[in-house]
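Undergrad: The structure that follows is given in the form of structure tokens.
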Amino acid sequence: MHKSTSVAGVSVIQTESLTKRYPKVTALDRLTVDIGPGVTGLVGANGAGKSTLIKILLGLAPASEGTATVLGRNAAHEGGAIREQVGYMPEHDCLPPDVSATEFVVHMARMAGLPRTSARERTADTLRHVGLYEERYRPIGGYSTGMKQRVKLAQALVHDPKLVLLDEPTNGLDPAGRDEMLGLIRRIHSDFGISVLVTSHLLGELERTSDHIVVIDGGKLLRSQATASFTEATASLAVEVTDSDAHPDGTKALRTALTDRGLDVTAGAGHLVYVDAADEAVYDAVRDAIAGLGLGLIRMEQRRHRIAEVFQDSPEHMTEAGR
Ligand SMILES: Nc1ncnc2c1ncn2[C@@H]1O[C@H](COP(=O)(O)OP(=O)(O)OP(=O)(O)O)[C@@H](O)[C@H]1O
């Protein structure tokens, strides 16, 4: 599992008041963020500044103000050294249609400085890892979107980087393709120990994939937090009870009893009552309250909020993006 940067003592990516102004828009606005090892999801609506941040981190675009450090190197002056250790999967289709995946990835490996033999070996290994087999000898022009995304991922990994920056890797994929790609991304870290920064405009898909989530909106930082703390902090119990002769509205009676015990309670759909489950004692308190009222317990289950729900207090389009 990813530890927070301070715990791990290592920063993979650090920005300080990073600002990028284009003539008509401020794409990044004093962004200060500190990202440690593991899989980090960078989420934001279209135009939030995700691609701009990636280009600055790679040393491909200059910042207007502020600093960016990647693997301890300054992105403004050490872009070449950063790109030796960092893989990049661009958002848009940029693959040559006339060559095969093998030819293309070998070429990218050679560009990254690998000798011919290891470039071929690494290419075969990497294409297998991303799930391309016989088709790797056919021209890329005939590939499906999913296969092209895999080739883009393979070229980002072929030189054995310490970090990969993946810009919208699930773009254009159907739900099954998305799941496969997200699984691959997870394994990049678990199998090879490579850190990942992956962007998406969909909050929902990043919560399953990432250890840490950074949310930006209009170039500004909205949140940067461990995924677990998004969901754990909001864990709640869903409780459903029967009515009784003494309590014809059992649900209402339970809500009152739990509130009297100092618990945070919200009414759910139908007969559901949600109780904030800050610690284990809440389970006992709920059980005792139900027994005390003489109600029947239909079900009691832990319910973790999805990140998208946690963001319901965020700007409308961010919430929309998470659905
Ligand atoms: N080269 C450029 N010149 C002028 N404006 C730009 C340039 N690149 C990006 N922008 C603008 O900067 C803002 C941030 O764009 P960016 O591509 O970083 O966002 P994004 O979060 O990656 O969104 P998307 O997923 O749509 O690419 C947008 O308003 C975009 O129009």
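The values are calculated or read from the model by the stated rules, or taken from the named source; none is laboratory data. What you see is a predicted model, and the numbers here were worked out from it, not measured in a lab. Cβ placement follows ideal geometry from the backbone for every residue including glycine, while neighbour counts extend to all protein chains displayed. To get the accessible areas, we keep the full protein, side chains included, count just its heavy atoms, and leave off ligands, DNA and RNA. Shrake-Rupley method; radii C 1.70, N 1.55, O 1.52, S 1.80 Å.
Undergrad: How large is the convex hull of the Cα atoms of the chain per residue, expressed in Å³ as a whole number?
TA: That works out to 156 Å³ per residue.
Undergrad: Could I have the simple spin-label model distance between Ala61 and Ala269, label points 7 Å from Cα toward Cβ, reported in nm to one decimal?
TA: So the two model labels end up 4.1 nm from each other.
Undergrad: In addition: Quick check: residue separation of Arg287 and Ser229 times 0.36 nm, minus the Cα distance between them. What number comes out in nm?
TA: Fully extending the segment from Arg287 to Ser229 adds 18.3 nm.
Undergrad: Net charge around Val273, counting only other residues with Cβ within less than 10 Å of its Cβ (Lys, Arg = +1; Asp, Glu = -1)?
TA: So the surrounding residues net to +1.
Undergrad: Taking the Cα centre of the chain as origin, sum charge times position over the Cβ atoms of Lys and Arg (+1) and Asp and Glu (-1), and report the length of that vector in debye to the nearest 20.
TA: With only Lys, Arg, Asp and Glu charged at Cβ, the dipole is about 1360 debye.
Undergrad: Moving on. Could you tally the net charge around Ala75, taking each other residue with its Cβ under 11 Å from the Cβ of Ala75, Lys/Arg +1 and Asp/Glu -1?
TA: Local net charge: +2.
Undergrad: Helix 175-192 versus the longest principal axis of the chain: what angle, 0 to 90°, nearest 10, using Cα atoms?
TA: 70 degrees
Undergrad: Over its Cα atoms, what ratio of radius of gyration to 2.2 N^0.38 Å does the stretch 31-122 give?
TA: Taking N as the residue count of the stretch 31-122, the ratio is 1.27.
Undergrad: Something else about it: Provide the solvent-accessible area of Leu165, counting protein heavy atoms only and rolling a 1.4 Å probe, rounded to the nearest 10 Å².
TA: 0 Å²
Undergrad: Could you please state how large a percent of the accessible area of the chain is carbon and sulfur, counting protein chains only and using a 1.4 Å probe?
TA: Here it works out to 50 percent.
Undergrad: Still on this model: Taking amide H atoms as placed 1.01 Å from N in the peptide plane, list the residues 5 or more away in sequence, or in a different chain, whose amide H sits under 5 Å from that of Thr32.
TA: Ser17, Leu18, Leu221
Undergrad: Near Ile54, within a Cβ-to-Cβ distance under 13 Å, what is the net charge of the other residues, with Lys and Arg +1 and Asp and Glu -1?
TA: +1
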